[in-house]
Amino acid sequence: MTSNPQRAGKYIDQAGGHAAFCPEPLPPDPPIQVNDDMAAKLANASRSLGRLDGATEILPDADLFVYVRKEAVLSSQIEGTQASLIDVLEHESEMDETDETPDVKEVVNYIKAMNFGLEWIREKPLSLPLIEALHGILLSEGRGSDRKPGQFRDVQNWIGPKQGGIRSAIFIPPPPGDVLREALRDLERFLQSPTPLPVLFTAGLMHAQFETIHPFVDGNGRIGRLLLTLLLCQRAVISRPLLYVSYSFKLRRIEYYDRLQAIRDQGDWEGWMRFFLTGLAFVADEATSIARQITARREEDRQAIAAKLRRISARALELHDKLFHRPIVTVPAVEKMLGVNYQHANRLISSLEEIGLLREITGGRRNRRFGYAAYLALLTADEM
């Protein structure tokens, strides 16, 4: 498309000698150009999300918890967090929050924020109070807890190298005060007003606009990606949050940032939307494939338990079901999960280990943890 630098907003000189970007309200004017390529990308993303929703209908609710954790890990990793999905699941296997590393804590906070948001949208719309609440949870403890959790910023922030100060910024969001507040109110109105736009366009526009407004001192990227999942669930594009959309952004991180910046500098909403729709289709197809493999793995392993562990098959099958919610366990954890004594829990773990379902992952004799190897391999394939 022809460059239209002021289509998305304009840079306004500020007293400090820098120029901050002041966005235009959504939807863009002129509207998104839907040529044959854009229409094909929209249709492909819609079909892929529909297949995902169909495939995940057969997954038990237990799988929901691990998918949410996967999205939390990927979104946090984009911001430099080093915790892996295995790190988070190992931590949760201990059922103890006292030993959380800062990186794991960031992911755990993201999970809590996601679950809070999912409950919120059951009865209430996406709104500024929700966004503030999500941010308050995300930065409630640990790293970032001193950066005004749950409060829209009252200072100027910027994107770029910190050592050079604001004059070396790559991008400077709206200034605090009236301009920031009005940009946020415009975004809220866009989300709550009827629109003829396809839902996936609404999602892409919302995410880009939120990242441009950058309303918090810290945590903007994670909140913006979290809102994507909430909007897609609220608008019934997906019935459960099994789409780890951050995977696409992580794989193409440089282009992700470049496409967002091209909106501000060139008004290129179309380039961003093509990137966004392509990414949605990709992660939806990936998640659908994994969901189908999980379903096949579950049935195969249940048959193995029934055939090889006949004397304890009922309890072993019960533990197997629990593993899809908590795929890394300890003997004490299994005691609590199943309400059995230590000896019985240890025997069940040993039996599943003997037939290859569980694998000891610590390499020690004490405080041993056991992982559901095949399931974890499916969930962490993109980390290998």
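One line per residue, one yes/no per condition, for (1) outside the structural domain of P23 (by TED's automatic domain parsing); (2) touching an Asp or Glu at 6+ places or on another chain (Cβ under 7 Å); (3) hydrophobic (A, V, I, L, M, F, W, C); (4) closer than 21 Å to S246 by Cα:
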residue	(1), (2), (3), (4)
L134	no, no, yes, yes
I137	no, no, yes, yes
N157	no, no, no, no
I170	no, no, yes, no
P173	no, no, no, no
G177	no, no, no, no
L205	no, no, yes, yes
A208	no, no, yes, yes
L227	no, no, yes, yes
Worksheet item: So which of D146, D178 ends up being within 23 Å of A8 (Cβ to Cβ) and either exposed (fewer than 14 other Cβ atoms within 10 Å of the Cβ) or of a type in the set (D, E, K, R) (or both)?
Response: D178
Discussion item. Need the failing condition index for A314 against (1) within 34 Å of the chain's Cα centre (by Cα); (2) among the small types (G, A, S); (3) at pLDDT 90 or above, just the number.
Written reply: (1)
Worksheet item: Conditions: (1) out of contact with any Gly (no Cβ under 9 Å at 6 or more places or on another chain); (2) farther than 30 Å from G17 by Cβ; (3) surrounded by 20 or more Cβ atoms within 10 Å (Cβ to Cβ); (4) not β-branched (V, I, T). P173 meets all but one. Number of the miss?
Response: (2)
Discussion item. Here is a list: T330, T278, T362. Which entry is assigned by TED's automatic domain parsing to the domain that holds L52 and polar (S, T, N, Q)?
Written reply: T278
Worksheet item: If you check every pair at least six apart or on different chains, which have Cβ atoms under 7 Å apart with a residue in the stretch 321-334 that is in contact (Cβ under 8 Å) with a residue 60 or more places away in the chain first and a residue that is among the aliphatic types (A, V, I, L, M) and not in a helix (DSSP H, G or I) second?
Response: A333/M95
Item to complete: Provide a single number: the residues in the stretch 151-180 that are in contact (Cβ under 8 Å) with a residue 24 or more places away in the chain, over 26 Å from the mean Cα position of the chain (by Cα) and part of a helix (DSSP H, G or I).
Response: 3
Fill in: Residue list for the stretch 313-344, restricted to those being charged (D, E, K, R) and within 17 Å of R302 (Cβ to Cβ)
R315, E318, D321, K322
Response to the item:
Okay, helices (runs of 4 or more DSSP H) sitting entirely in the stretch 204-272 with 3 or more residues that are more than 23 Å from W120 (Cα to Cα), I get 246-251, 253-266
Item to complete: Identify, by number, the condition in (1) among the β-branched types (V, I, T); (2) in the same structural domain as E360 (by TED's automatic domain parsing); (3) in a helix (DSSP H, G or I) that V340 doesn't meet.
Response: (3)
Worksheet item: Taking the condition of a type in the set (D, E, K, R), in a loop (DSSP other than H, G, I, E, B) and in contact (Cβ under 8 Å) with a residue 24 or more places away in the chain, does R347 pass?
Response: no
Worksheet, complete the sentence: The lone condition P327 fails out of (1) over 22 Å from A287 (Cα atoms); (2) touching a Gly at 6+ places or on another chain (Cβ under 7 Å); (3) not charged (D, E, K, R) is (1)
Item to complete: Just name the residue that is surrounded by the most Cβ atoms within 10 Å (Cβ to Cβ) out of those in the stretch 365-374 that are out of contact with any helix residue (DSSP H, G or I) (no Cβ under 6 Å at 6 or more places or on another chain) and either in a strand (DSSP E or B) or at pLDDT 90 or above (or both).
Response: G371
Worksheet item: L352 versus (1) part of a helix (DSSP H, G or I); (2) out of contact with any strand residue (DSSP E or B) (no Cβ under 9 Å at 6 or more places or on another chain); (3) not acidic (D, E): which is the lone unmet condition?
Response: (2)
Item to complete: Need at least 3 residues that are within 30 Å of T362 (Cα to Cα), under 15 Å from the mean Cα position of the chain (by Cα) and at pLDDT 90 or above per element, so show me which helices (runs of 4 or more DSSP H) inside the stretch 38-139 make the cut, counting only ones lying wholly within it.
Response: 102-120
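The values are calculated or read from the model by the stated rules, or taken from the named source; none is laboratory data. Remember, predicted model here, so these are calculated numbers, not experimental data. Every residue, glycine as well, gets a Cβ built from its backbone with ideal geometry; the counts of neighbours run over all protein chains shown.
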